[in-house]
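Undergrad: If you scroll down you'll find the structure; I have some questions about it.
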Amino acid sequence: MTTSVVPTSFADIAVSDSAGAGSAVLMIHGNSSCKEVFRHQLESPLGARLRLIAMDLPGHGASSDARDPAKAYSLNGYADAAVEVLARLGVERATVLGWSLGGHVALNMISRLPGLTGVMISGTPPVPGGMEGFALGFKQNAHMALAGSADWAPGDAEAYARATAGADAPFAPFMLQAARRTHPIALSTFFADALAGGADDQRRIAETAKLPLAIVNGSEDAFINGGYFASVDYANLWDDQVFSLDGLGHAPFWEAPDRFNPLLERFLAETSAPL
């Protein structure tokens, strides 16, 4: 695996690239996280065969803060940044795995990346824009309140990082470091834009996009309203089901890669070039 920094018009984006030379897969992390959360995919046999690319969003991880926060710290801005990263890496055709915020970014990439072959999301309700959509897809609790706050008290970073990993999931030091590092302006700017309806209508995307959409959640996710997913009339839901992995939290790919990775591998086999 190699790491590099890709200069873009949004920020200098830190990227990890697996050893594989096969079809490209872009992996996008969640709010106040970083690319290292995909370690169990990057270092897996799948990463040895395919080109798995994990990026740090602007204002997150080892990427720089945004050059223009109002431009970058929104779903549309993050999606445009991800498309620019792929272009600068010479990748024209890719599948995207997006987790939580990264899943929302992936959905917004559908209209922006002609070479997108499929999207897998985890912990990402495809909701309409604005406050009403937010209320439909997400639980209203202390964890969600922290997600959009630019003013964290002592202890908030660890509480949030542990909640995103999952109540019973392994916890790694990089998770706390990532939560503490995230540019505070990124949190407040992104949520203000999203609640004001600045993002694309993601329910409409899920109900009209023809490319395959896979959804793999944890049944004990502390952030999302699991029942919401059944209300969406998907245009092309992979395997005709929303997967809910029993007993797992917000990051099933991290908590139980032995259960998540086979689903990812099968999805990639069906949506990209042969493995």
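The values are calculated or read from the model by the stated rules, or taken from the named source; none is laboratory data. Just so it is clear, the structure is predicted and the values come from calculations on it, not from any experiment. Cβ atoms come from the backbone with ideal geometry, glycine included; neighbour counts cover every protein chain shown.
Undergrad: Among the residues of the range 203-222, is there at least one that is more than 23 Å from residue 109 (Cα to Cα) and hydrophobic (A, V, I, L, M, F, W, C)?
TA: To start, the set of residues in the range 203-222 that are more than 23 Å from residue 109 (Cα to Cα) comprises 218-222.
Retained after the next criterion (residues that are hydrophobic (A, V, I, L, M, F, W, C)): 222.
Checked against the condition, which is being more than 23 Å from residue 109 (Cα to Cα) and hydrophobic (A, V, I, L, M, F, W, C), the range 203-222 yields at least one hit.
Undergrad: Please tell me if residue 182 is among the polar types (S, T, N, Q) and out of contact with any helix residue (DSSP H, G or I) (no Cβ under 6 Å at 6 or more places or on another chain). Please lay out each step first, then the result.
TA: Details: among the polar types (S, T, N, Q): yes; out of contact with any helix residue (DSSP H, G or I) (no Cβ under 6 Å at 6 or more places or on another chain): yes.
Yes; evaluated as a whole, the condition is true for this residue.
Undergrad: Say whether the condition of being among the aromatic types (Phe, Trp, Tyr), under 23 Å from residue 124 (Cα atoms) and crowded, with 24+ Cβ neighbours inside 10 Å is met by at least one residue in the range 37-56.
TA: Let us first name the residues in the range 37-56 that are among the aromatic types (Phe, Trp, Tyr), namely 38.
Subsequent filtering for residues that are under 23 Å from residue 124 (Cα atoms) retains 38.
Now drop any that are not crowded, with 24+ Cβ neighbours inside 10 Å, which leaves 38.
Yes.
Undergrad: Related question: Return yes or no: is residue 211 modelled with pLDDT of 95 or more, more than 25 Å from residue 132 (Cα to Cα) and aliphatic (A, V, I, L, M)? Can you show your working first?
TA: Details: modelled with pLDDT of 95 or more: yes; more than 25 Å from residue 132 (Cα to Cα): yes; aliphatic (A, V, I, L, M): yes.
Yes; evaluated as a whole, the condition is true for this residue.
Undergrad: Quickly run through the range 189-203 and pick out the residues that are part of a helix (DSSP H, G or I) and either under 19 Å from residue 65 (Cα atoms) or in contact with a Pro (Cβ under 7 Å, 6 or more places away or on another chain) (or both).
TA: Step one: list which residues in the range 189-203 are part of a helix (DSSP H, G or I), which gives 189-195, 202-203.
Across the range 189-203, the qualifying residues are 189, 190, 191, 192, 193, 202, 203.
Undergrad: In addition: Find the helices (runs of 4 or more DSSP H) located wholly in the range 12-91 whose residues include 1 or more that are over 20 Å from residue 265 (Cβ atoms), and list them. First the steps, then the outcome.
TA: Values: elements: 39-42, 45-49, 69-72, 75-88.
Because the criterion is at least 1 residues that are over 20 Å from residue 265 (Cβ atoms), the helices (runs of 4 or more DSSP H) in the range 12-91 that meet it are 69-72, 75-88.
Undergrad: For the range 192-231, name all the residues that are of a type in the set (Gly, Ala, Ser), surrounded by fewer than 18 Cβ atoms within 10 Å (Cβ to Cβ) and closer than 12 Å to residue 123 by Cα. Spell out the reasoning first.
TA: Applying the first criterion (of a type in the set (Gly, Ala, Ser)) to the range 192-231 yields 192, 194, 196-199, 206, 209, 214, 218-219, 222, 226-227, 230-231.
Narrowing further to those that are surrounded by fewer than 18 Cβ atoms within 10 Å (Cβ to Cβ): 192, 196-198, 219, 226-227, 230-231.
Selection gives 219, 226.
Undergrad: Hey, can you tell me all the residues within the range 204-249 that are assigned to a helix (DSSP H, G or I) and not β-branched (Val, Ile, Thr)?
TA: Start the filter on the range 204-249 by keeping residues that are assigned to a helix (DSSP H, G or I), which leaves 204-208, 226-231, 238-240.
Those that are assigned to a helix (DSSP H, G or I) and not β-branched (Val, Ile, Thr): 204, 206, 207, 226, 227, 228, 229, 230, 231, 238, 239, 240.
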